[in-house]
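Every read-out reported here was derived from the displayed coordinates using simple, explicitly stated rules and does not represent laboratory data. Note that this is a predicted model, so its numbers are computed, not measured. We place every Cβ from the backbone using ideal geometry, glycine too, and count neighbours over all the protein chains shown.
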Amino acid sequence: MGNSTSPTLVGSQLLTSQHGDIMYDVGTSMNNGKRLALRFTTAGEATYEEVTRGDVLKLIQAAASPLLTYLAETSNESKMLNHAFVEIPNTHMRDLRKLDNVFAISNEPSLTVRQQAILVNADPVRAVILRDSCLVFLPDGADSLVSLLKTCFKEQIIYSNSIAFEFAAIEAVLQTICKVLTNDVEKLLPVAKIAIDRMARDDMPLGDMESIRSLKNNMHELNTQISGMRRMLMDFLENDEDVHMLYLTKIYNESRLARDVLSFDTEDAESLLEVYLQDIYASQTRVALMLNNMQNTESMVMLKLDTKRNYLLTVDLTLTMWTTMVTVSTFVVGGFGMNLNSNIQQMDNIFWIVIGLCVLFPIVSVFTINKYLERRGISMSWKTR
């Protein structure tokens with residue numbers, strides 16, 4: 001029709017907005033081993049690309065090639081001077097497999113530094129950060145994540161233009177992850193609060209137990225994800241060599257630093273990571289407090305149920321004692337009703353005597369048993385406390 005076009009792309013779909021712009025449907029997986037990724041430049045511009053792990057590995061190797069050449073040329077000189085230095089590992093294919101959802105065995109977050117590359121594996125973001133670009137692999141159904149990533153990258157590059165690109169990219173990725181986790185916390189906590197209030201009521205329907213169990217599982221899953229992020233940042237900050245190796249641009253521009261990584265200060269990198277560590281810790285604290293509140297409420301509900309069950313057991317035991325003692329009297333009455341001539345029936349007032357004994361025996365027996373149990377610390381009172 002006229003000048004309309006229908007762009008197509010193998011393994012993904014292209015959508016057209018109301019302004020005629022072409023947009024990717026990021027909810028579709030790539031074919032032939034390719035994955036859809038967002039590539040951010042130093043200007044904060046984002047473009048969609050189809051890449052394989054091999055393409056990413058070649059891109060990283062090309063970025064590190066000049067530095068590797070310098071290290072190879074000066075290796076003999078370093079050996080002659082007997083100069084020991086911290087060797088920055090090269091990127092291997094096994095490192096990139098951790099960034100693929102297909103090969104991700106667990107969701108344990110990781111921040112790995114390689115020669116001129118930083119690999120971030122933290123759901124829902126998996127990214128490769130270079131000194132002049134950043135590739136973010138998009139999971140299925142990541143439409144909301146795309147807009148959040150673009151906004152964060154724009155903010156960091158515009159307002160942090162005085163720092164190297166890799167730090168702006170790290171901050172944008174961490175900011176995106178923190179916002180996603182915070183949004184999840186904001187969604188779950190009000191629902192959990194309502195569930196706790198409903199759980200504390202005595203007339204809670206039994207059908208609500210399944211929804212509370214599902215909510216608790218979601219809370220534990222979120223807590224595990226946040227705890228993993230906090231562990232990752234804490235472990236990374238405790239490793240001085242990894243923190244120094246974050247300076248991709250600095251090491252590239254001053255090649256000699258590749259042989260003496262620990263020779264410069266890393267206060268700005270530590271400050272950057274600690275800011276988001278505190279943010280993640282705050283989210284973890286909120287989730288942990290809600291989980292503790294939920295656990296305490298469950299304990300109170302169980303105490304109430306135990307109290308009711310103990311009350312029913314007390315009533316049952318009391319009725320059982322009365323039934324047993326009355327059965328003894330019934331046995332005596334049955335003995336008199338066997339139509340045997342024992343001549344006892346000739347005695348004066350024997351009927352009333354037997355009736356009186358049959359009535360007094362259960363009363364005295366139950367009273368005696370109750371006193372004995374009270375001396376042993378067992379109350380048979382029907383009063384609820």
What is the distance, in nm, between label points placed 7 Å from the Cα along the Cα-to-Cβ direction at F264 and at D306? 6.2
Excluding same-chain residues fewer than 8 positions from K371, which aspartates and glutamates have a Cα within less than 19 Å of its Cα? D316
Which FRET efficiency value, to the nearest 0.05, do you get for S255 and D143 by plugging their Cβ-Cβ distance into 1/(1 + (r/R0)^6) with R0 = 30 Å? 0.10
Roughly how many Å is it from the Cα centre of region 123-170 to that of region 204-273, as a whole number? 16
Cα Rg over Rh - region 250-385, Kirkwood: 1.67
Tell me, what is the FRET efficiency for T52 and R376 to the nearest 0.05, using R0 = 51 angstrom and their Cβ-Cβ distance as r? 0.10
Tell me, what is the FRET efficiency for K179 and T368 to the nearest 0.05, using R0 = 51 angstrom and their Cβ-Cβ distance as r? 0.10
By Cβ neighbour count within 10 Å, fewest first, E210, E155, E241 rank E210, E241, E155
Greater than 25 Å apart at Cα, pairs in K34/K98; K216/K383; K154/K193; K179/K250; K154/K179: K216/K383; K154/K193; K179/K250
Based on other C-beta atoms within 10 Å, arrange R230, R126, R97, R376 from fewest to most. R376, R97, R230, R126
S133 to N239: extension gain in nm, 0.36 nm per residue of separation minus the Cα-Cα distance? 35.7 nm
Cut-off is 10 Å between beta-carbons; in what order do F153, F351 appear when sorted fewest neighbours first? F351, F153
